[in-house]
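Visitor: The following block contains the structure, expressed as structure tokens.
The values are calculated or read from the model by the stated rules, or taken from the named source; none is laboratory data. These numbers come from a predicted model, not from an experiment. Note that each Cβ is placed from the backbone with ideal geometry, even for glycine, and that neighbours are counted across all protein chains shown.
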Amino acid sequence: MNKAQLVDAIAGKASLTKADAKRALDAFTEVVAKSLKKGDKIALVGFGTFSVSQRSARTGRNPRTGEPIKIKAKKVAKFKAGGSLSF
């Protein structure tokens, strides 16, 4: 499902216009991104938890030449599914 299909599904399920559904989805993604950048955790009971994780520095390989390269440490977004998403 892409963003346009998700907007259509939200609009249909919540009885919203597509424009309102798009604004709501954009607002949600913006709030989640800003909160994660601040280091906050977002827990949606039954759905899942968004958090930030520290990825340590490591050595990788250049796929074209095969020579080793250093990959810097960085923070990455993480999602852990809640109970209602477990199949």
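Visitor: Taking strands (runs of 3 or more DSSP E) that do not extend beyond the chain, which have at least 1 residues that are aliphatic (A, V, I, L, M) and on the phi < 0 side of the Ramachandran plot?
Guide: 42-44, 48-55, 68-71, 74-81
Visitor: Okay, moving on. Could you tell me whether GLY60 is modelled with pLDDT of 95 or more, loosely packed, with under 11 Cβ neighbours inside 10 Å, farther than 30 Å from ILE10 by Cα and not hydroxyl-bearing (Ser, Thr, Tyr)?
Guide: For GLY60, the condition - modelled with pLDDT of 95 or more, loosely packed, with under 11 Cβ neighbours inside 10 Å, farther than 30 Å from ILE10 by Cα and not hydroxyl-bearing (Ser, Thr, Tyr) - is met.
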